[in-house]
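These notes concern the structure reproduced below.
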């Protein structure tokens, strides 16, 4: 390998991660029956732990080489635990019967019905976001019970994601007109711009991810051009987002969303210019000073590599446990999850969804409690498991849990229709896992639980019981 031959820092750890990941994927392919959740987690681990090493990120120079090697071992144990538990689960769990709750419109009109349903969902969700941004929904939202805002936000996100998925299926299979494709891409760009107008790029992730899934699902090919464009755009805008937040966020961290909607083209023009300037600043910071020959002392703007770098989180908690002798939490962040599933409508004062993340940051000295009110510092599932159970054991526990869960989900969804309540629930799981790289378990579970409730409730009036694509006599539920 090039890294190994050049004796680059972390080369052995990188090799361990990649080889274990490839072996895990090969074993999964031997018995896979449906939803590719395990491959998503393996590819995600390769990116968030391996890419920082391959790119020579400065984080690996901040810790002893032994820690970087141990991080590679942790990822390997995680992969092998996950595939071992998955294979056991595939033998243990019985596949669900081929019964689904399919959408009426799709059953009646086939692909044409799914396209119409998709466009209806996307247009409705986007229109509401525009009205909300213009402050025209305030009176309606004021009538809702306390705590409903998070449910409404999740509903809009699910509507957009499901709608874009349905349309992208038609785009990927080339069964949509040129006008339809143009309308689809225009809606996707506009929706993503509105979702990210408060300079929070992750809010657009749900729709962007589901489009990638839909294109891949319908064509059988990885949408490389789409993914390249999305990654380049997000990476570029990510570089200037901090400066834009400083300009537009108020003292309380709230953006005047109405001004964002009304000035959307101007704001994005400014954001593009700011990002370009930030990239130039980063280049200057890496350029040696002519007099000293050393890089200039200048703070760099955050890049996308910094954002997806979970290796730094794993190295941080390893250092805290081994060097600082901070005791593990012994599962404390996981015991917080059950209370967080209670809707805020019934418990307005319930803890924040990020409570597990807060506990980790405060316990390991990364933040004090007051600073968590302003900024959330990401961790990721593997780093969280290490913080709870220490070396090796944490990777084994989280790997086995995910492997068994993925096997159960695969068996439950393998014989379900894609355009059904069960199909959209499966899509919800895929979206959550693809976007889980910086989440702790409490955030992942609560967000997934909210989306499940919304999908089930929203789809109930429009579906009927179907066996292998044939409607039964049972009435719609």
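Just checking, does the stretch 431-441 include any residue being touching a helix residue (DSSP H, G or I) at 6+ places or on another chain (Cβ under 7 Å), buried (at least 19 other Cβ atoms within 10 Å of the Cβ), at pLDDT 90 or above and outside any loop (DSSP other than H, G, I, E, B)? Yes, there is a match, as at least one residue in the stretch 431-441 is touching a helix residue (DSSP H, G or I) at 6+ places or on another chain (Cβ under 7 Å), buried (at least 19 other Cβ atoms within 10 Å of the Cβ), at pLDDT 90 or above and outside any loop (DSSP other than H, G, I, E, B).
Annotation: residue 202 fulfils all but one of (1) farther than 20 Å from residue 115 by Cα; (2) buried (at least 17 other Cβ atoms within 10 Å of the Cβ); the unmet one is (2). Do you know which of the residues in the stretch 104-149 that are surrounded by 16 or more Cβ atoms within 10 Å (Cβ to Cβ) and touching a strand residue (DSSP E or B) at 6+ places or on another chain (Cβ under 9 Å) is modelled with the highest pLDDT? Among those residues, the one meeting the criterion is 117.
Among the residues that make up the stretch 387-395, is at least one of them in contact with a strand residue (DSSP E or B) (Cβ under 8 Å, 6 or more places away or on another chain) and under 30 Å from residue 96 (Cα atoms)?
No, the stretch 387-395 contains no residue that is in contact with a strand residue (DSSP E or B) (Cβ under 8 Å, 6 or more places away or on another chain) and under 30 Å from residue 96 (Cα atoms).
Tell me, please, whether a residue that is assigned to a helix (DSSP H, G or I), crowded, with 18+ Cβ neighbours inside 10 Å and modelled with pLDDT under 90 can be found in the stretch 74-87. No, that holds for no residue.
So that you can scan it fast, the table gives a plain yes or no per residue for (1) outside any helix (DSSP H, G or I); (2) modelled with pLDDT of 85 or more; (3) farther than 24 Å from residue 81 by Cβ:
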site: 9; (1), (2), (3): yes, no, yes
site: 12; (1), (2), (3): no, yes, no
site: 24; (1), (2), (3): no, yes, no
site: 27; (1), (2), (3): no, yes, no
site: 33; (1), (2), (3): yes, no, no
site: 41; (1), (2), (3): no, yes, no
site: 53; (1), (2), (3): no, yes, no
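Residue 377 passes every criterion in (1) crowded, with 19+ Cβ neighbours inside 10 Å; (2) under 30 Å from residue 236 (Cβ atoms) apart from (1). For the stretch 308-324, state whether one or more residues are farther than 30 Å from residue 393 by Cβ and either modelled with pLDDT of 85 or more or touching a strand residue (DSSP E or B) at 6+ places or on another chain (Cβ under 9 Å) (or both). Taking every residue of the stretch 308-324 in turn, none turns out to be farther than 30 Å from residue 393 by Cβ and either modelled with pLDDT of 85 or more or touching a strand residue (DSSP E or B) at 6+ places or on another chain (Cβ under 9 Å) (or both).
Residues that are touching a helix residue (DSSP H, G or I) at 6+ places or on another chain (Cβ under 7 Å) and in contact (Cβ under 8 Å) with a residue 40 or more places away in the chain: find the helices (runs of 4 or more DSSP H) completely inside the stretch 306-361 holding 3 or more of those. Lay out the reasoning, then the answer.
Numbers: elements: 311-322, 332-335, 337-340.
Qualifying helices (runs of 4 or more DSSP H): 311-322, 332-335.
The values are calculated or read from the model by the stated rules, or taken from the named source; none is laboratory data. These numbers come from a predicted model, not from an experiment. Using ideal geometry, Cβ is built from the backbone for each residue, glycine included, and neighbour counts are taken over all protein chains shown.
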